[in-house]
Amino acid sequence: MKKILIADDEPNIVISLEYLMKREGFEVLIARDGEEALALIEHEAPDLVLLDAMMPKKTGFDVLQAVRQKRSALKIIMLTAKGRDTDMEKGRALGADDYMVKPFSTRELVERVRRLLDQTESPSAS
Amino acid sequence: MNLPIGLVVAISFAYLALLFGIAWYGDRRARQGRSIISSPWVYALSIAVYCTAWTYFGSVGRASVEGVWFLPIYLGPMLAMILAWVVVRKMIRIAKTYRITSVADFIASRYGKNPVIAGLVTLITVVGIVPYIALQLKAISAGFGLLTGPSDPTLTEASVTWWQDSTLYMALALAGFIILFGTRHLDMTERHEGMVAAIAFESIIKLVAFLAVGLFVTYGMFNGLGDLFGRALNDPAIAQLMRFDHGATPHLYSQWFALILLAMLSVLFLPRQFQVMVVENVDERHLKRAAWVFPLYLFLINLFVLPIAIAGLIHFGPGQANPDLFVLSLPLAEGARWLALFVFIGGLSAATGMVIVESIAVSTMICNDLVMPALLKTRRFRHRRGGDLTRLLKSIRRLAIVGLLLLGYLYFFLAGDAYALVSIGLISFAAVAQFAPAALAGMYWKGATSAGVLTGLAIGFGLWVWTLMLPSIAKSGWIATGFLDHGPFGLALLKPEQFLGLSGLDPLTHSLFWSLAGNLIAFVVVSFYTRPGAREASQALLFVDVFDRSGGSEPVFWQGQARVDDLVKLSERFLGPDAARRLFAEHAADLGASSIAALEADARLVQRVETRLAGAIGSASARVMVASAVDEEPLEIDDVMRILEEASQLRAYSQALEDKSRSLEQATEKLKRANEQLKSLDRLKDDFMSSVTHELRTPLTSIRALTEMMRDDPDMPTEQRQEFLGIMVAESERLSRLVGQVLDLARIEAGHAEWHNSDVDMQAVVTQAVGSISSRFEDKGAVLEVRAGSHFKPIRADADRLIQVLLNLLSNALKVIPANCGRVVVDVVEDDDGVTVEVADNGPGISLEEQAEVFDKFRQVGDRDQHREGTGLGLPISRQIIEHFGGRMWVESEPGHGATFGFYLPRKQKDDSRAETQRLGERQ
Amino acid sequence: MKRARSSRLVALFCLGWLLFSFPVLSLWDRDVSLFGLPLFPLALFLLWAALIIALAWLMERGES
């Protein structure tokens, strides 16, 4: 079972995403800030992170930067409420695999999560 | 014999060699660009060349005969130096600007570069100055004779034939010495730094030597001034010297006045004074100190004149020894031979200093203003192109120096014995004084014309010759004295010393009166009745307005066509190839031209060449040479007016341009600042919008996700569904709160908020706010305490807004206090000016960094869970409200010990509080 | 400033001229001595010194 880390400081968003991902059959880890997210990535080795851009202690961008070098296989989808193009570019430049602006469509999110995880599957399958 | 001749000669030559060494060193340092004379002190000492052998020996001589009457010669310069900053500074500025190198050039240049004026001034100078040079020779010779002569000073010297006379050889030696370091450079405006250094040194020597003999006589031979003057006052003949009126001569005050005036003019226009004060000046600011140091020097060197004179009279008895030589004979009489030798060296300094500077100055005038114009008149010379003439110029100057000293010797040999030193000097002074009207008026009166100057000078000089020079020669026994007693051809009215029947004055005052009066009247009257030519008018403008014309916009009074090639050739001829090349290179550099070849021979270049040539051969000759080398159009008076007009327009234009560019610069600066401000406001706005967007999208995200999931999941358990619906309601509320507060803040900041002001009772406000929130405190098990007095004076404010602020503070406190043991205290305190309200909680407190940000929009501090319902706008809005009423809001906290939010409302609001609020709002 | 200095100098010049002219000069011309020194020469030198001090003060005081 694929592990998904949800990193967001908004409790209600976490509740919704947790329900959504569990429904789709993923194992869910939860981080409430940037530091927690880094620790969980280190110790629990999730397959994919839904990473909020604005978090206390360490921002999503900080986490992305810290992680990208070491764990190139880890899939990361940035979630941001600041729909600014510069944010999107920054995320891509730092190596996010995908980028979604809040509020997003749940179907779309699930689709993107699956697509990314399938990609990781195929090379290992072949 | 007092001292062996050989010793005195050897020491004198050693001293001259030392002077030469100083001059050589000064020149070397000047070439290296490290001037040793660039100091106001050196400058002042060099001006002290005024004190010649005449002062050194002659003052004592005069004092012993006429008492205090030696003083006017030094009081005149004292008075003149008071005005130095006004007059001499202008002379310096003019001379520097137009490369004027002598007093003749100064006057001629002012009156249209008139060669006749230059020649006349030079002639007067030479005739007038020769006796003065003779005086120096006489002084050295007499001193030398005394020093090396028999011990008894009352013995008269045996007369000698000229070829046996040591004075002749001394004159020739001096000439050689002067040539050695006076005529090395050609351009006199390059200044003789070495010479000036040597002169300054000589000034020190002569002062020290004179003070030494003064102290020796006063305190060595007598018991101080009291003793000396006491004995003097006991002798009626000597006591008389201490009084103004010591004889029966009438018109004493006019004599006194005449002497002061004479000395005043001399200190400005004697060739050597003009040389050191104007031409050799390094920096016109030096004048500021020299103006009082030079008079101080005169004061010091005159201190012991009377004591020495009295001592001589007492010691030798009246008429027993030459009073001119008291400074030497007194120490010799006491056997102080080394002191006498030192004093002699001092006298030698005074004499050589004068002869050196005077002959250099006058030789320049002779070369530039007498010989050059004559040479230029010969066609062969003028049309010979090319050929370096600098050698020729130097040779002329050297010959002139030798000639001057020989003339001086001749005068000394012929007439020297007849007169005391001072009388000889005064003859020269009176001649030089003739320059004063032309030179002084020329600097301040544009209407003075060359015709006036020529007439005035001719008349003044003529009267001087008739009333002073000829009588002095006659009295020396070289011409018959009949005309003195009976007038020429028996015309008694024209008797030289009672001209037009004027009698009662001494010969000097008499001559000075007639010559200066004739000169001045002729000068002014003729100037009024003649019109200046174009060249004169233009020079008048340049001289009189010299201080207005600094900068690049001075008018150039020249028109015509020229070729650079011709100008280069001309410059090479008179300046030498190196200096000429430098001149053109400088011009090219000033214009930013790439090379000399790229230069255009415009008026400015012609002007520059002419000015530089003027430095070498005088302005009158330079004018002639430039005119012959270029194709110039005659300058009419209309042209002068036109050029002047253009120059002043140009100046006005460049002034306006400068002003404009300055104001443009200021405007640019202002715009830049405004732009910066706009940019930062724009950034703030962007940040605000971005924050608002973020805050709006966050609850929307949850709502949308949960809604979609409920839609996609019809089988969702009811409990789950209820929980989600609960979240959705809460998030919707958060959304509407947010929208409300954003709008509220925007309205306040934009000044569109509605304020319902009334007289508010603060106690009622607090009670109302506490009442509406107390149930929530009870729910959390917290204590809410109000400490407020009663009977508050009303405050003019909007009660609802104040309640909003209080509720915001209370609900913030409620969020942070711990459950069940929370405690919040509201304090209301009134003072004369207003009310302070504080809300203190026992929550976790706020760190110092967070305190700084707590009033920023969307800046929520503390634990994330605690402000889920917050929007991050409550505190900013509250502060805006308080500031709207002229108050302020703050937070105090120590982490771990709770936080206190407070605000203060003044009872009397400042009128501009509203504007202030708005401005603050904009800034955020 | 410069103009002010010039006018002060001219004023000082006039004062000096006055001090060294009739009739002011005749004030000192008496058969009196002060500290054993004859009054007239003493007065001339003292006035002279005073003029030098005044001139130095005017010239050296503050740059304009």
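Nothing in this text is a laboratory measurement; each read-out follows from the coordinates by a stated rule. Values in this document were obtained by computation on a predicted structure and should not be read as measured data. Positions of Cβ are generated from backbone atoms using ideal geometry, with glycine treated the same way; all protein chains shown enter the neighbour counts.
Can you tell me what share of the DSSP beta bridges in the protein assembly as shown is antiparallel? A percent to the nearest 5 is fine.
Working: 28 of 52 bridges.
Given both bridge residues lie in the protein assembly as shown, the antiparallel proportion sits at roughly 55 percent.
Convex hull volume per residue, computed on the Cα atoms of the stretch B:496-650, equals 169 Å³. For the stretch B:462-477, the Karplus equation 6.51 cos²θ - 1.76 cosθ + 1.60, evaluated at θ = phi - 60°, returns couplings of x, 5, 5, 4, 5, 8, 10, 5, 5, x, 5, 5, 4, 5, 6, x Hz by residue, with Gly and Pro reported as x.
Counting, for every residue in B:305-311, the Cβ atoms of other protein chains within 10 Å of its Cβ and taking the mean gives 1.
Note on chain C: with a GNM built from Cα contacts shorter than 10 Å, the maximum mean-square fluctuation among C:L46, C:L15, C:L37 falls on C:L37.
Assigning unit charges at the beta carbon (Lys, Arg +1; Asp, Glu -1) and nothing else, what dipole magnitude in debye, to the nearest 20, does chain B show about its Cα centre?
Details: 85 positive and 94 negative charges, 955 e Å.
Roughly 4580 debye, rounded to the nearest 20.
Shown for B:T718, B:T218, B:T352: other C-beta atoms within 10 Å of each C-beta, ranked fewest to most, produce the order B:T718, B:T218, B:T352. Note that the stretch B:772-785 has calculated 3J(HN,Hα) couplings of 7, 10, 4, 5, 5, 5, 4, 4, 8, x, 10, 9, 10, 10 Hz, one per residue in order, obtained from phi through the Karplus relation 6.51 cos²θ - 1.76 cosθ + 1.60 (θ = phi - 60°); glycine and proline are x. In this entry, chain B is assigned a mean projected area of 65.8 nm², taken as a quarter of its C-alpha convex hull surface. So which of A:K3/B:K815; B:K394/B:K569; A:K102/B:K672 end up more than 28 Å apart by C-alpha? Pairs exceeding the cut-off: A:K3/B:K815; A:K102/B:K672. Across peptide B:580-593, the mean count of Cβ atoms from other chains lying within 10 Å of each residue's own Cβ comes to 0. Three semi-axes describe the equivalent ellipsoid of the stretch B:203-286; taken as square roots of 5 times the Cα gyration tensor eigenvalues and ordered largest first, they are 34, 24, 8 Å. Look at B:D831, A:D8 and count the other Cβ atoms within 10 Å of each Cβ; fewest to most, that gives B:D831, A:D8.
With 10 Å bins beginning at zero, the pair-distance distribution over Cα atoms of the protein assembly as shown amounts to 2, 8, 13, 14, 10, 6, 4, 5, 8, 10, 9, 6, 3, 1, 0, 0 %.
Might you report the magnitude of the Cβ-based charge dipole of the stretch B:609-657 about its Cα centre, with Lys and Arg at +1 and Asp and Glu at -1, to the nearest 20 debye? If you can, show how the numbers build up before the last one.
Numbers: 4 positive and 9 negative charges, 74 e Å.
Dipole magnitude for the stretch B:609-657 comes out near 360 debye.
Counting only alpha carbon atoms, the long axis of helix C:39-60 and the longest principal axis of chain C meet at about 10°.
Taking amide H atoms as placed 1.01 Å from N in the peptide plane, the amide H of B:V835 lies under 5 Å from those of B:L905, B:R907, each 5 or more residues away in sequence or on another chain.
Distances between placed amide hydrogens fall under 5 Å for A:V28 paired with A:I4, all partners being 5 or more residues away or on another chain. Sequence-ordered 3J(HN,Hα) estimates for the stretch B:298-314 from the Karplus curve with 6.51, -1.76 and 1.60 and θ = phi - 60° stand at 4, 4, 5, 6, 9, 3, 9, 4, 4, x, 5, 4, 4, 4, x, 5, 5 Hz, glycine and proline given as x.
Taking neighbour counts of Cβ atoms within 10 Å as a proxy for exposure, in what order, fewest first, do A:D47, B:D856, B:D686 appear? Before the final figure, lay out each step's value.
On the way: A:D47 19, B:D856 15, B:D686 11.
Sorted ascending by nearby Cβ count, the order is B:D686, B:D856, A:D47.
Mind checking the mean number of beta-carbon atoms from other chains within 10 Å of the Cβ atoms in B:704-717? Don't skip to the answer; put the middle values down first.
Values: counts 6, 13, 7, 3, 9, 7, 0, 1, 5, 3, 0, 0, 2, 0.
Shielding by partners across B:704-717 averages 4.
Helix B:874-884 and the long axis of chain B differ in direction by around 50°, with both axes built from C-alpha atoms. Compared with the dominant principal axis of the Cα atoms in chain B, helix B:193-215 is inclined by about 70°. Taking Cα centre as origin and charging only the Cβ of basic (Lys, Arg, +1) and acidic (Asp, Glu, -1) residues, the dipole magnitude of the protein assembly as shown rounds to 5160 debye. For the stretch B:739-839, applying the loop criterion from DSSP together with a ceiling of 16 other beta carbons within 10 Å to the chymotrypsin sites (Phe, Trp or Tyr not before Pro) yields B:W755.
According to the square roots a ≥ b ≥ c of the eigenvalues of the Cα gyration tensor, what is the shape class of the stretch C:2-60, taking rounded for a/c under 1.5, prolate for a/b larger than b/c otherwise, and oblate for the remainder? Please list the in-between numbers first.
Working: a/c = 6.06, a/b = 2.07, b/c = 2.93.
It is oblate, given that a/c is not under 1.5 and a/b is not larger than b/c.
Annotation for the stretch B:450-495: chymotrypsin sites (Phe, Trp or Tyr not before Pro) lying in DSSP loop with at most 15 further Cβ atoms inside 10 Å of their Cβ are B:W478. Along the axis of the charge dipole computed for the protein assembly as shown (Cβ charges of +1 for Lys and Arg, -1 for Asp and Glu, origin at the Cα centre), the listed residues C:G36, C:I52, B:S571 are led at the positive end by B:S571.
Excluding the site residues themselves, the longest part of chain B lacking any GluC sites (Glu not before Pro) in a DSSP loop with at most 13 other Cβ atoms within 10 Å is B:158-599. With a cut-off of at most 13 other beta carbons within 10 Å, and DSSP calling the residue loop, which trypsin sites (Lys or Arg not before Pro) in the stretch B:1-64 qualify? Please list them. In loop regions of the stretch B:1-64 (DSSP not H, G, I, E or B), the sparsely surrounded trypsin sites (Lys or Arg not before Pro) are B:R34. In this structure, the pairs whose alpha-carbon distance is over 23 Å, taken from B:K90/B:K113; A:K22/A:K75; A:K57/A:K90; B:K96/B:K377; B:K679/B:K857, are B:K96/B:K377.
Distances between placed amide hydrogens fall under 5 Å for A:V49 paired with A:L5, A:K75, A:I76, A:I77, all partners being 5 or more residues away or on another chain. Placing unit charges on each Cβ (+1 for Lys and Arg, -1 for Asp and Glu) gives chain A a dipole about its Cα centre, and among A:L40, A:V113, A:P56 the Cα reaching farthest toward its positive end belongs to A:V113.
Cα convex hull, the stretch B:461-532: 101 Å³ per residue, rounded to a whole number. Taking each DSSP H run with n ≥ 4 as -39500 (n - 2.57) and averaging over every residue of chain B yields -21500 deg cm²/dmol at 222 nm.
Size of the stretch A:3-120: Rg and Dmax of its alpha carbons, in Å, are 12.6, 34.
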